[in-house]
Amino acid sequence: MLKRIFLVCCGLFVAGLIYSFLALQVNNEITPEDTEAIGTLAVQEICGVEAKSYADELACIVAIQGAVQAIGTERCTDKKDSVEPGEFLKRGYGCCNDRARFIEKAARHYGFETRHVFLIEPKWGAWSNALPLGQGSHATSEVKTSRGWLGVDANHPFILVDQNNHPLTYILAMDKPGELGMEPLGFYSQELDIIYGLYSRHGNFHGTNFPGPEFVISEVFYNLYGG
């Protein structure tokens with residue numbers, strides 16, 4: 001009897017792993033449709049600099065952020081809607097999920113490494129953060145510069161730099177949101193959990209439309225050491 005229970009549990013565990021990796025992993029490849037959408041941002045002149053200095057990197061990232069934030073109106077999509085750049089452009093509206101996705105793909109197109117940042121009000125502890133329990137949340141991004149990871153907000157025109165213009169992650173910046181111009185301050189001034197690599201809690205935004213939290217496994221590992 002115990003052996004049978006053990007085998008059933010192992011089978012369920014393996015099935016869960018297979019389901020997660022086949023159905024819930026987000027594909028981060030830049031598609032031809034993405035490239036076409038990125039072209040509409042008109043940042044090639046700024047971002048196409050071959051030998052980028054740190055100042056050039058910041059100029060490119062800010063240009064991408066501003067161009068994406070200028071698209072349409074700020075209105076969240078239905079859960080069935082894709083947040084990919086081309087679909088966002090066709091709709092003409094979106095919120096943090098759409099804008100973070102576009103910023104990240106555009107930054108990667110221009111040679112940067114990115115990671116997705118999911119901010120959430122903790123409800124019943126960290127174990128419940130991947131579940132859609134009505135918690136306040138925000139999708140945003142970090143882009144790797146030559147001086148380290150830089151927080152780039154999806155909806156508001158701020159990037160995370162210290163008084164010396166050095167890049168900051170969201171983990172480092174959360175101690176002083178007001179000083180860094182993080183908006184809306186009401187959201188950023190409260191206790192928030194920061195999760196790398198979690199793209200959606202319900203499983204519909206990035207293509208396969210299977211239920212469950214969508215993620216990029218290589219980015220999830222940043223939760224172990226922050227990068």
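The values are calculated or read from the model by the stated rules, or taken from the named source; none is laboratory data. Note that the structure is a prediction, hence the values are computed from the model and not measured. As a convention, Cβ positions derive from the backbone with ideal geometry for all residues, glycine included, and neighbour counts pool all protein chains shown. These area figures cover heavy atoms from the full protein model, side chains too; ligands, DNA and RNA do not enter into them. Shrake-Rupley method; radii C 1.70, N 1.55, O 1.52, S 1.80 Å.
Please go through the stretch 60-83 and pick out each residue that is modelled with pLDDT of 90 or more and crowded, with 16+ Cβ neighbours inside 10 Å.
Scanning the stretch 60-83 gives CYS60, ILE61, VAL62, ALA63, ILE64, GLN65, ALA67, VAL68, GLN69, ILE71.
Open to solvent by 20 Å² or more (accessible area, probe 1.4 Å), under 25 Å from SER218 (Cα atoms) and within 17 Å of the chain's Cα centre (by Cα): does that describe LYS144?
Values: open to solvent by 20 Å² or more (accessible area, probe 1.4 Å): yes; under 25 Å from SER218 (Cα atoms): yes; within 17 Å of the chain's Cα centre (by Cα): yes.
Answer is yes for this residue.
Could you check, for the stretch 37-44, whether at least one of its residues is open to solvent by less than 20 Å² (accessible area, probe 1.4 Å), small (Gly, Ala, Ser) and over 18 Å from SER200 (Cβ atoms)? Let's see the steps before the verdict.
Start the filter on the stretch 37-44 by keeping residues that are open to solvent by less than 20 Å² (accessible area, probe 1.4 Å), which leaves 37-38, 41, 43.
Okay, now just the ones that are also small (Gly, Ala, Ser), so 37.
Among the residues that remain, those that are also over 18 Å from SER200 (Cβ atoms) are: 37.
Yes; the residues of the stretch 37-44 include at least one that is open to solvent by less than 20 Å² (accessible area, probe 1.4 Å), small (Gly, Ala, Ser) and over 18 Å from SER200 (Cβ atoms).
Quick check on my filter: what residues within the stretch 53-67 are touching a residue at least 12 places away in the same chain (Cβ under 8 Å) and closer than 14 Å to LEU150 by Cα?
Result: TYR54, GLU57, LEU58, ALA59, CYS60, ILE61, VAL62, ILE64, GLN65.
Suppose the filter is surrounded by 13 or more Cβ atoms within 10 Å (Cβ to Cβ), modelled with pLDDT of 50 or more and closer than 13 Å to ALA106 by Cα; does GLU29 pass it? Working first, answer last.
On the way: surrounded by 13 or more Cβ atoms within 10 Å (Cβ to Cβ): no; modelled with pLDDT of 50 or more: yes; closer than 13 Å to ALA106 by Cα: yes.
Spelling it out, it is not the case that GLU29 is surrounded by 13 or more Cβ atoms within 10 Å (Cβ to Cβ), modelled with pLDDT of 50 or more and closer than 13 Å to ALA106 by Cα.
Give me the helices (runs of 4 or more DSSP H) completely within the stretch 68-186, filtered to those with at least 1 residues that are in contact (Cβ under 8 Å) with a residue 40 or more places away in the chain and over 22 Å from ASP34 (Cβ atoms), ordered by residue number. Talk me through it step by step, then tell me what you get.
Numbers: elements: 85-91, 96-109, 170-173.
Hits in the stretch 68-186: 170-173.
Can we say SER218 is of a type in the set (Gly, Ala, Ser), within 18 Å of THR77 (Cα to Cα) and at pLDDT below 85? Break it down stepwise before answering.
Values: of a type in the set (Gly, Ala, Ser): yes; within 18 Å of THR77 (Cα to Cα): no; at pLDDT below 85: yes.
No, not satisfied.
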